[in-house]
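What follows is one structure encoded as structure tokens, with my remarks underneath.
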Amino acid sequence: MELLPALSRSFDQMHRVASGVTADDYRRSTPCSDWDVAALMTHAFGVVDAMGTVASGGAPGAFTLDRNAPGAQFRTLADKALAAWKADGVFQREMALGAGPMPGQMYASINVLDTLTHAWDLAIATDQDATIDDDLATFTLGLCEQIIRPEIRSGRFDDAVPTSPDASATERLVAFLGRKA
């Protein structure tokens, strides 16, 4: 799998899950212990918005979650971000966000893993199907293994959780990120 299709599919996964969130879900706890559903969505949507804005050459601004239509809001953000990521040369251009300056390809990779991980978190929190397609989960696990080095795990990700030899691709991905499927 290549990075752009993975990004598109991670956006599709988040869109599907976000579209299933109801007003009663916003106060529910999530696998991210510091965030309820509303805070998790605000973070995940805000990351897509900020990265898409920076990829298109702009400066990110404040983000506000639309609690009345989160699925539609996410689709709009995702479509805008995906269009920015498809621009010629964007993966090679240096960008700067919270993690500091690095090539666009690295930020796009972070965009995949952040979006897909939080789509899983959101699905778990709202009792939706959290299964990730095997190809996408395997590709994203490969990104995670490159990006989440031991020196950056502390304070950002819990320790990896052991899995059984027959664990699914989704289970292996979320276990690497310190979550229990």
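Can you tell which of D121, D49, D158 is touching a Cys at 6+ places or on another chain (Cβ under 6 Å) and either touching a residue at least 40 places away in the same chain (Cβ under 8 Å) or charged (D, E, K, R) (or both)? Lay out the reasoning, then the answer.
Values: D49 fails: touching a Cys at 6+ places or on another chain (Cβ under 6 Å); D158 fails: touching a Cys at 6+ places or on another chain (Cβ under 6 Å).
On inspection, the qualifying residue turns out to be D121.
Mind listing just one residue for me: the one in the range 86-109 that is farther than 20 Å from S10 by Cβ and among the small types (G, A, S) and, of those, surrounded by the most Cβ atoms within 10 Å (Cβ to Cβ)? Write out each step before concluding.
Within the range 86-109, the first condition is being farther than 20 Å from S10 by Cβ, and the residues that meet it are 88-89, 92-94, 96, 100-101.
Still in the running and among the small types (G, A, S): 89, 96, 100.
Working: G89: 7, A96: 10, G100: 7.
Checking each candidate, the answer is A96.
May I ask you to list the residues in the range 165-181 that are of a type in the set (S, T, Y) and within 15 Å of A119 (Cα to Cα)? If you could, list the steps in order and put the result at the bottom.
Here is the first cut: in the range 165-181, the ones of a type in the set (S, T, Y) are 168, 170.
Once the filter is applied, which keeps residues that are of a type in the set (S, T, Y) and within 15 Å of A119 (Cα to Cα), the range 165-181 yields only T170.
More than 22 Å from H15 (Cα to Cα) and either among the polar types (S, T, N, Q) or in contact with a Ser or Thr (Cβ under 6 Å, 6 or more places away or on another chain) (or both): does that describe Q128? Break it down stepwise before answering.
Details: more than 22 Å from H15 (Cα to Cα): no; either among the polar types (S, T, N, Q) or in contact with a Ser or Thr (Cβ under 6 Å, 6 or more places away or on another chain) (or both): yes.
No: the conditions fail for Q128.
Pick from A119, A78, A83, A55: which is surrounded by fewer than 20 Cβ atoms within 10 Å (Cβ to Cβ) and either within 16 Å of the chain's Cα centre (by Cα) or at pLDDT 95 or above (or both)? Break it down into steps so the answer makes sense when it comes.
On the way: A119 fails: surrounded by fewer than 20 Cβ atoms within 10 Å (Cβ to Cβ); A78 fails: surrounded by fewer than 20 Cβ atoms within 10 Å (Cβ to Cβ); A55 fails: surrounded by fewer than 20 Cβ atoms within 10 Å (Cβ to Cβ).
Answer to the check: A83.
Just checking, how many residues over the range 59-74 are farther than 11 Å from D49 by Cα and not hydrophobic (A, V, I, L, M, F, W, C)?
Number satisfying all stated conditions: 5.
Residue check: is A59 more than 27 Å from P31 (Cβ to Cβ), without any contact (Cβ under 8 Å) to a residue 24 or more places away in the chain, in contact with a helix residue (DSSP H, G or I) (Cβ under 8 Å, 6 or more places away or on another chain) and of a type in the set (A, V, I, L, M, F, W, C)?
Details: more than 27 Å from P31 (Cβ to Cβ): yes; without any contact (Cβ under 8 Å) to a residue 24 or more places away in the chain: yes; in contact with a helix residue (DSSP H, G or I) (Cβ under 8 Å, 6 or more places away or on another chain): yes; of a type in the set (A, V, I, L, M, F, W, C): yes.
Yes, satisfied.
Could you check the range 18-36 and list, in sequence order, the residues that are hydrophobic (A, V, I, L, M, F, W, C) and either surrounded by fewer than 22 Cβ atoms within 10 Å (Cβ to Cβ) or outside any helix (DSSP H, G or I) (or both)?
Residues of the range 18-36 that are hydrophobic (A, V, I, L, M, F, W, C), as a first pass: 18, 21, 23, 32, 35.
Within the range 18-36, V21, A23, C32, W35 meet the criteria.
L7: surrounded by 16 or more Cβ atoms within 10 Å (Cβ to Cβ), in contact with a Cys (Cβ under 9 Å, 6 or more places away or on another chain), modelled with pLDDT of 95 or more and part of a helix (DSSP H, G or I), yes or no?
Against the criterion (surrounded by 16 or more Cβ atoms within 10 Å (Cβ to Cβ), in contact with a Cys (Cβ under 9 Å, 6 or more places away or on another chain), modelled with pLDDT of 95 or more and part of a helix (DSSP H, G or I)), L7 does not qualify.
The values are calculated or read from the model by the stated rules, or taken from the named source; none is laboratory data. Since this is a predicted model, take the numbers as computed values, not measurements. FYI the Cβ positions are ideal-geometry reconstructions off the backbone, even for glycines, and counts take in every protein chain you see.
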